[in-house]
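Structure first, commentary second.
The values are calculated or read from the model by the stated rules, or taken from the named source; none is laboratory data. No experiment lies behind these values; they were computed from the predicted model shown. With ideal geometry, Cβ positions are generated from the backbone for all residues, glycine too; neighbour counts draw on all protein chains shown.
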Amino acid sequence: LIFGGAASNAAVVGPVPFGTPFTILCALTLVSLVVGPFAAGATLRQGME
C-alpha cells in the first residue's frame, strides 16, 4: 500500500522518480507470487494434522 501510493503520487505530481517505487512494488508482487503457493500448501498441510 505504501509503495503503491508512492508510485501513483510520483506519477501524478512528477518531481519524485516514478520508477523506484514502481520497481519495488513489482518486486514485492513477484516474490509473493513465488512464496504464496508454498505458504498455502504448508498451511493446508498443517490444517490436515
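A few notes on this one:
- Within region 14-43, residues that are closer than 15 Å to ILE2 by Cβ sit with their Cβ atoms under 6 Å from residues that are among the aromatic types (Phe, Trp, Tyr), at 6+ positions apart or across chains, in these pairs: PRO21/PHE3; ILE24/PHE3; LEU25/PHE3.
- In this entry, PHE18 passes the filter for residues that are modelled with pLDDT under 75 and among the hydrophobic types (A, V, I, L, M, F, W, C).
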